[in-house]
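**Student:** My questions will all concern the structure given below.
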Amino acid sequence: MATVDDARARGTRLDRWFGWVDTLAYLGLLNLLILAGTLTGGVVLGLAPALSAAATCSRTRLRGDAQRTVRAFVQAWSAGFGRANLVAAPALAVLVLTGTSLAALDGGPVVLRAALAVVGGLAVVHLLLVLTMDAHYDLPRGAVPRLAWSFLLRFPGAPLLLAATTALVGVVTAFVPGLLPVVSIGAWVHLCTALCLSFYAANDRNLEHHPADPDPLDE
C-alpha cells in the first residue's frame, strides 16, 4: 500500500521531469527562433537581433515572469533590430576579421593562429556581454560596447566562464552535430544569459555594500 511519503516522492519526481522537459522544449523553440530570426535578417543583419531577442526572452524566463515566447521574441527582434546591430557591430566586425585571417592562415604559424583564436574568443564574449547588458540595463546605445569592454576587463572571471561555456557547447555539438539545428544555439544563449545576469547581480550587490567603488556600468 502506497504511503503519503511515496505519493509525494512520485509527485516530486514528476515535477522534476516536467521541469526538464519544459526547459528542453523551451531551448528547442529558442534555437528555432534564433535560426529563423537570423535568416529573416539575411544572416548578416539578422544574427545580432536574433541573439538579442533570445537573450531578452531568456532573461524574462530566468526571472520567472510569464511570456509567450514566440510573440516576445518577434517583438524584441523587430523593435531592437537596428539597435542590436549597432551595439553588436564592433564585436561582429572583429569576429569577421579574425575568422577571415584564420582561414587565410590555414597551415600558418601556430602562435599566430592561437593569438587570432584568442582575439576571436574575446569578441564572442564581448558580443554576449553587449547583448545581455543591453537587455538588462537601460543604457545609452553608444555606451553599451564600451561598458561591456570595461566590465570584461574589470571582472576577468566572467569572460572565462562565458568562454568555457561556449567551448563546452561547441565540443558537445562537434560530437553530435545534429544538435546544432535543434538545441545547441538556444542552450548556449540561455546558459550565457544566465551567467551574465548572475555577474550583473553580483556587481549590483557589491555596489550596495561598497557604494564608493566605481561601477563599470556608470563609467
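The values are calculated or read from the model by the stated rules, or taken from the named source; none is laboratory data. Given the structure is predicted, the values throughout are model-derived calculations rather than measurements. Every residue, glycine among them, receives a Cβ derived from its backbone with ideal geometry; neighbour counts consider all protein chains shown. Keep in mind that these areas ignore ligands, DNA and RNA; they rest on the heavy atoms of the full protein, side chains included. Shrake-Rupley method; radii C 1.70, N 1.55, O 1.52, S 1.80 Å.
**Student:** Filtering region 179-207 down to residues that are small (Gly, Ala, Ser) and out of contact with any helix residue (DSSP H, G or I) (no Cβ under 8 Å at 6 or more places or on another chain), which residue is nearest to Ala48 (Cα to Cα)?
**Tutor:** It comes out as Ser198.
**Student:** Go through region 44-60 residue by residue and tally those that are more than 20 Å from Ala93 (Cα to Cα) and not aliphatic (A, V, I, L, M).
**Tutor:** Total meeting the criteria: 5.
**Student:** Looking only at region 44-75, which residues are among the aliphatic types (A, V, I, L, M) and within 15 Å of the chain's Cα centre (by Cα)?
**Tutor:** Hits for region 44-75 are Leu47, Ala48, Ala50, Leu51, Ala53, Ala54, Ala55, Leu62.
**Student:** Among the numbered criteria (1) in a helix (DSSP H, G or I); (2) without any contact (Cβ under 8 Å) to a residue 60 or more places away in the chain; (3) farther than 24 Å from Leu97 by Cα, which one does Val182 miss?
**Tutor:** (2)
**Student:** While we're here: Could you tell me which residue of region 153-169 is farthest from His126 (Cα to Cα), considering only residues that are at pLDDT 90 or above and open to solvent by 40 Å² or more (accessible area, probe 1.4 Å)?
**Tutor:** Restricting to residues being at pLDDT 90 or above and open to solvent by 40 Å² or more (accessible area, probe 1.4 Å), the top hit is Leu168.
**Student:** I want to confirm something. Restricting to region 17-37 and keeping residues that are β-branched (Val, Ile, Thr) and open to solvent by 20 Å² or more (accessible area, probe 1.4 Å), which single residue is nearest to Ala84 (Cα to Cα)?
**Tutor:** In this case the residue turns out to be Thr23.
Here's the yes/no breakdown for (1) among the aromatic types (Phe, Trp, Tyr); (2) in a helix (DSSP H, G or I); (3) open to solvent by 40 Å² or more (accessible area, probe 1.4 Å):
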position: Val44; (1), (2), (3): no, no, yes
position: Ala50; (1), (2), (3): no, yes, no
position: Arg61; (1), (2), (3): no, yes, yes
position: Ala72; (1), (2), (3): no, yes, no
position: Trp77; (1), (2), (3): yes, yes, yes
position: Asn85; (1), (2), (3): no, yes, no
position: Ala91; (1), (2), (3): no, yes, no
position: Ser101; (1), (2), (3): no, yes, yes
